[in-house]
Each structure stands twice: as structure tokens, then as C-alpha cells.
Amino acid sequence: MSRRCDLTGKGPMSGNNVSHANNKTRRRFLPNLQDVTLMSDTLGRSFKFRVSSAALRTVDHRGGLDSFMAKAKDAELSPEALKVKKEIAKASA
């Protein structure tokens, strides 16, 4: 299971731990991923995703999974999320 958000594509970043003596050692900044179940109003069913907390706030801000998927870029979505996006677009058309 990769450490990548299914909806935004956010993944690990790298940086430095900096000590008081200014010694630098490499470290990883991991995204805050949560396993969530999001409901699609158009399809009337729910989907499980591994989503960062920032993406979860964005889904709420945009008004739900359906409106988030309408504005989401295909390159950022995981293959499972891309299938859901196409199902939602087909059902709403």
C-alpha cells in the first residue's frame, strides 16, 4: 500500500532534521492519510479511499465527492478514483 493520497496525489516529501548544533540528516515528511468512506449522491453508493486530511477538507469545501470529482484532474487521481469519476460523469450525463 503506497503512501499516496487517492484524490490529490499527495505523497511523501523529503527534507532535513536540523539539530541544535545545525547538523542535518535526511528525513521524510509523510502525508496524513486516513481510510475514509465517501458517499456519492449521484450513484447512491459509497466508496472507500485512502485520503489525506487536506483532501478530505477540500471534498467538504467543494460540497461532496461528486462535485470534487467534477473539478479533479485525471493525472492526480488514483486508478480506482478515476473509475469512480467516470461512473459519476456517466450517471450525471
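What follows is calculated from the coordinates using simple rules that are stated; it is not laboratory data. Since we're looking at a predicted model, the values are computed, not measured. Methodologically, a virtual Cβ is constructed for each residue, glycine included, from the backbone with ideal geometry; neighbour enumeration extends over all protein chains shown.
If you go through segment 21-50 and keep only what is free of Cβ contacts under 8 Å to residues at least 24 places away in the same chain and of a type in the set (Gly, Ala, Ser), you end up with Ala21, Gly44, Ser46. Taking the listed residues Ala91, Ala54, Ala75, Ala70, the one that is surrounded by fewer than 17 Cβ atoms within 10 Å (Cβ to Cβ) and in contact (Cβ under 8 Å) with a residue 60 or more places away in the chain is Ala75, with no other qualifying. Can you name the residue in segment 21-71 that is assigned to a strand (DSSP E or B) and among the basic types (Lys, Arg) and, of all such residues, is nearest to Met1 (Cα to Cα)? If we take residues in segment 21-71 being assigned to a strand (DSSP E or B) and among the basic types (Lys, Arg), then Arg50 is nearest to Met1 (Cα to Cα).
Contact annotation: residue pairs with Cβ atoms under 6 Å, 6 or more positions apart or on different chains, pairing a residue in segment 6-20 that is free of Cβ contacts under 8 Å to residues at least 12 places away in the same chain and assigned to a strand (DSSP E or B) with a partner that is surrounded by fewer than 10 Cβ atoms within 10 Å (Cβ to Cβ) and among the polar types (S, T, N, Q), are Asn17/Thr25.
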